[in-house]
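J.: First the structure, then my questions, so here it is.
The values are calculated or read from the model by the stated rules, or taken from the named source; none is laboratory data. Keep in mind that this is a model prediction, so the values were computed, not measured. Methodologically, a virtual Cβ is constructed for each residue, glycine included, from the backbone with ideal geometry; neighbour enumeration extends over all protein chains shown. Side chains are part of the model used for accessible areas, which takes the heavy atoms of the whole protein and leaves out ligands, DNA and RNA. Shrake-Rupley method; radii C 1.70, N 1.55, O 1.52, S 1.80 Å.
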Amino acid sequence: MIVLDFQILRETDLDDVVWHEIGAAPFYYLCFLGDIVFEVDDVDLSVRWGWVPVFDFALQMRRIADALRRGEDQVYSFTESDYTIEFTLQGKRIEIRAEYAKTVATVSVSEFLGAAEGMFTRARQRIECAHPELLRNPHYRELLGSYWRPLP
């Protein structure tokens, strides 16, 4: 079983954000910072550092899941840190190694895809409900790329 979730601890470090105009870099790296919950069975790969860009992490997990489904191994690199998480395909399963954890986790590609999609959707819902002006922001829509579509 996989748990892929987040806790936003700081909505933003910017004063008077104009959400429909905020640039990609400030949005990506200064807004919605927090912790990531990442558990696979009894392996805890969570990062409770308080400063992880939650939206970026959720979006990258979604992109990584898609690449894994296409048969491509992936690596996630944390911003402001040298730590990485490696995702290596082993047949229909993924071996997940984090530099900051001692244990390796294994999960099916389909289960990881479902967890990544769920995390990304929850992050978008949280952010877009709190700041609906983002939906008019061309930088935000560009960051979403092929995932841009209104949420239900």
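J.: In the stretch 122-152, how many are open to solvent by less than 50 Å² (accessible area, probe 1.4 Å) and within 18 Å of ALA67 (Cα to Cα)?
T.: Qualifying residue count, the stretch 122-152: 4.
J.: Right, here's the next one. For the stretch 14-40, enumerate the residues that are at pLDDT 95 or above and over 13 Å from the mean Cα position of the chain (by Cα).
T.: Of everything in the stretch 14-40, those that are at pLDDT 95 or above and over 13 Å from the mean Cα position of the chain (by Cα) turn out to be GLU39, VAL40.
J.: Identify, from the list ARG97, ARG126, ARG122, the residue that is more than 17 Å from ASP35 (Cβ to Cβ) and not β-branched (Val, Ile, Thr).
T.: On the way: ARG126 fails: more than 17 Å from ASP35 (Cβ to Cβ); ARG122 fails: more than 17 Å from ASP35 (Cβ to Cβ).
Selected residue: ARG97, the only one of ARG97, ARG126, ARG122 that is more than 17 Å from ASP35 (Cβ to Cβ) and not β-branched (Val, Ile, Thr).
J.: Something else: Determine whether LEU144 is part of a helix (DSSP H, G or I) and of a type outside the set (Gly, Ala, Ser).
T.: yes
J.: If only one of ARG70, ARG10, ARG63 is free of Cβ contacts under 8 Å to residues at least 12 places away in the same chain and surrounded by fewer than 16 Cβ atoms within 10 Å (Cβ to Cβ), which one is it?
T.: Details: ARG10 fails: free of Cβ contacts under 8 Å to residues at least 12 places away in the same chain; ARG63 fails: surrounded by fewer than 16 Cβ atoms within 10 Å (Cβ to Cβ).
Result of the check over ARG70, ARG10, ARG63: ARG70.
J.: Now a separate question. Counting only residues that are among the small types (Gly, Ala, Ser) and open to solvent by 20 Å² or more (accessible area, probe 1.4 Å), which one in the stretch 82-117 is farthest from PRO152 (Cα to Cα)?
T.: Keep residues of the stretch 82-117 that are among the small types (Gly, Ala, Ser), which gives 91, 98, 101, 105, 108, 110, 114-116.
Adding the requirement that they be open to solvent by 20 Å² or more (accessible area, probe 1.4 Å) leaves 91, 101, 108, 110, 114.
Working: GLY91: 34, ALA101: 36, SER108: 27, SER110: 22, GLY114: 17 Å.
Per the criteria, the residue is ALA101.
J.: So how many residues does the stretch 99-141 have that are among the small types (Gly, Ala, Ser), outside any helix (DSSP H, G or I) and over 12 Å from VAL40 (Cα atoms)? Before the answer, list the steps.
T.: First, pick out the residues of the stretch 99-141 that are among the small types (Gly, Ala, Ser): 101, 105, 108, 110, 114-116, 118, 123, 130.
Retained after the next criterion (residues that are outside any helix (DSSP H, G or I)): 101, 105, 108.
Applying the additional criterion that residues be over 12 Å from VAL40 (Cα atoms) yields 101.
Qualifying residue count, the stretch 99-141: 1.
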